[in-house]
Amino acid sequence: MMKKNAVKTLEIERERYILDKIKTAGSVQVDSLAKELDVSAMTIRRDLTSLKTRGLINRCHGGAIIKQETPYYNKKVSNAAEKCRIANAAIKLIKANDTVFFDAGTTTYQIAQLIADREDVTVITDDLQIAMMLSQSRTNVYVCGGYIQKTTGCVMGMFAEQIIGNFLIDAAFIGTAAIDEDFTVRTPTLEKVALKRKIVENSDRSYLVADRGKFDKRATIKINTLADYTGVITDKKFTEKELTALRKKRISVIAV
C-alpha cells in the first residue's frame, strides 16, 4: 500500500502541473489532464476542486480556467516574434493626424514603439509602460487616470472610461487575454469589461491584436465578439471550418 506522504506528494505534483498548464494555455479540460497524468477523471476533478477552494483557479464546464491576469513580464516573452509581425501589420493602419488608442498589452506596446518618432499622431493609452516609453518620444501622448492593476500596468475604472469618452478616436488597438471557440472575446478581470467596450464604442476603427496563443482559450467574463471590431490582426492559421464560421459572422481577419 502506498504511504500517505507519497500520495500527498503525487497530489502536489499534479496540482503544480495543472497550474502551470492553466497559466500557459489559459484553460484545461478534465479528460485531457486525466490522459496526460494517467489518472482518473475523478482524481483530476478533486485536484481542480482543491485549487478552486484555495482561490487559484476558476472552474468551467468540463475543466478549469485561469483565475488572474498573466503578469506583464510573462506576456512580454510569450510569442514575441509573432507579436512583432502583428505590430508591423498594425502600423500600416495608422494614418497621418490620427488619434490612436493603445490598450494595455505587450503587443500594443510593440505597435507604440513603431510610432515613437511620429509627430503627426496623438496617442491615448491605459498602459503605464506605453505612456512612459512615449513620454521620451516626439509623439503627443495622453494617459488615462484611475486604478492601476499592478501585475499588468493597466489603468482602469470609472476615471479611465470618462477620459476615453471625451476623445474621438480614429484607430484603436486592443488586446485580449482569451478568445474562445465561438470567437467571443473574454477576460478574467471584471473591471476591464466596461473599459474595453468603451474603447470600441468611441473608435472609428477598432482592431483586436491577438497572437495565436490567445485563441481557443477561456476566461470568466465576456467582453464582446470578434464581429464587434473593424478587424482582428493575428498570426493564427484558421481551419477551413473556422474560416467558414468567420465569414458567416462577418469577421474581418488581417493575417500576418
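Data for the structure
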{"item": "Cα gyration tensor shape for the range 151-239, rounded if a/c is under 1.5, else prolate or oblate", "result": "oblate"}
{"item": "Förster radius 25 Å - calculated FRET efficiency between ARG250 and THR220, Cβ distance, rounded to 0.05", "result": "0.40"}
{"item": "Using alpha-carbon coordinates, inclination of helix 4-25 to the longest axis of the chain, degrees", "result": "20 degrees"}
{"item": "Between 0 and 90°, nearest 10: helix 41-53 axis offset from the chain longest Cα axis", "result": "60 degrees"}
{"item": "Listed residue (GLY213, ALA194, TYR229) projecting farthest to the positive dipole end of the range 177-231, Cβ model", "result": "ALA194"}
{"item": "Accessible surface of the chain [probe 1.4 Å, protein heavy atoms]: carbon and sulfur percent", "result": "52 percent"}
{"item": "Given charges at beta-carbon only (K, R positive; D, E negative), |dipole| of the chain in Debye", "result": "900 debye"}
{"item": "The range 104-193: trypsin sites (Lys or Arg not before Pro) in DSSP coil with no more than 16 other Cβ atoms inside 10 Å", "result": "ARG138, LYS150"}
{"item": "Chain lengthening between LEU243 and ASN140 when straightened (0.36 nm per residue, less Cα-Cα)", "result": "33.2 nm"}
{"item": "Per residue accessible area of the chain, 1.4 Å probe, in Å²", "result": "52 Å²"}
{"item": "ASN166 versus LYS95: modelled label distance in nm, points set 7 Å from Cα along the beta carbon direction", "result": "2.6 nm"}
{"item": "Residues LYS198 and MET132, FRET efficiency given R0 of 35 Å [Cβ-Cβ distance, rounded to 0.05]", "result": "0.95"}
{"item": "Mean-position separation - Cα centroids, the range 119-195 and the range 25-42, in angstrom", "result": "35 Å"}
{"item": "Angle between the chain longest axis and helix 80-91 axis [Cα atoms, degrees, rounded to 10]", "result": "30 degrees"}
{"item": "Label point distance in nm, ASN88-THR230, each placed 7 Å from Cα along Cα→Cβ", "result": "2.2 nm"}
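The values are calculated or read from the model by the stated rules, or taken from the named source; none is laboratory data. Computed from a predicted model, the values in this text were never measured in an experiment. Note that we place each Cβ from the backbone using ideal geometry, even for glycine, and neighbour counts take in every protein chain shown. Side chains included, ligands, DNA and RNA excluded: accessible areas come from the protein's heavy atoms. Shrake-Rupley method; radii C 1.70, N 1.55, O 1.52, S 1.80 Å.
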